[in-house]
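Laboratory data are not the source of any read-out in this text; all were calculated from the coordinates shown. Predicted model, so just to flag it, every value in this text is computed and none were measured. Here Cβ is always computed from backbone atoms with ideal geometry, including for glycine, and neighbour counts include all displayed protein chains.
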Ligand SMILES: [Zn+2]
């Protein structure tokens, strides 16, 4: 098969036994603003999971949507990760630098007949049904379209996409019914999120994705692309989403701005507490290196099983907006 998955060999490390692949996890922030507490939870969980598996932990900046990005955010996020004492393996990856691989995957899907050009404008789609994932594309352009400016959509079927999430249990989605054929390259030429994630996780040899459960319902679309592209499927563990005491998802408007770069120990200890790790009280006043040493010894992700949201009380905030 002439598949772009040939590159899946990159990043897999033989560990003496030819069937074994080294555990590879990743943290993939978008440069839309400074690191906030919800992102810190995903970073901490994916980092400790990788370290507890003796694996690699990669950082990848998801910078494929320039209109949504905040200038300077990348530097601020990376500086925060350093301040908190995260140690990533290898160089930081930038999604914008794998554009050639994204394009190759799109062309492969087109060649195989699994993707097609769609000339529908926003107005054409104004009245189509919507679901929790957004519009449910009714397939207007499935048999061809002669528009000049087109998006590219991947074909979906009504075969349910199933996977078992390590923390959230069995999941199922019928893509044709719940999203319809979805966009992999936008009309403006930018690569859509799901395609970029599927390609880059494969390129980097990621074996397990630990991230917030706000992305749980994106996973079947990414698995669908992995299958069509001939990639192997990573494992998934979606950690609960942090909510405030009123049950609202943490966001800038609900008291979750940038995390503090001064009170790193207290913030890191608070993150471990929210992740159900029961750190001893005095941990919050020790240097971050000592907190990590304790965490690596005591990490237990299984306590998060079956929880989709976790309540967060007071957390130290940056004294002034960093961005
Ligand atoms: Zn269309």
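Tabulated data
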{"quantity": "Shape parameters for the chain, alpha-carbon atoms, Rg then Dmax in Å", "calculated": "20.4, 66"}
{"quantity": "Helix axis angle, 193-203 relative to the chain longest principal axis, alpha carbon, degrees", "calculated": "70 degrees"}
{"quantity": "Percent of beta bridges antiparallel (DSSP, the stretch 104-247, rounded to nearest 5)", "calculated": "70 percent"}
{"quantity": "Spacing of the two label points (7 Å from each Cα toward its C-beta) at residue 94 and residue 75, in nm", "calculated": "1.3 nm"}
{"quantity": "DSSP-defined antiparallel bridges as percent of all bridges, the chain, nearest 5", "calculated": "55 percent"}
{"quantity": "Computed lengthening from residue 149 to residue 123, 0.36 nm per intervening residue step minus Cα-Cα distance", "calculated": "7.9 nm"}
{"quantity": "Principal-axis tilt of helix 99-111 within the chain, Cα atoms, nearest 10 degrees", "calculated": "40 degrees"}
{"quantity": "Degrees, to the nearest 10: 288-298 long Cα axis against longest axis of the chain", "calculated": "70 degrees"}
{"quantity": "Helix-only CD estimate at 222 nm, as mean residue ellipticity for the chain, using -39500 (n - 2.57) per DSSP H run (n ≥ 4)", "calculated": "-8000 deg cm²/dmol"}
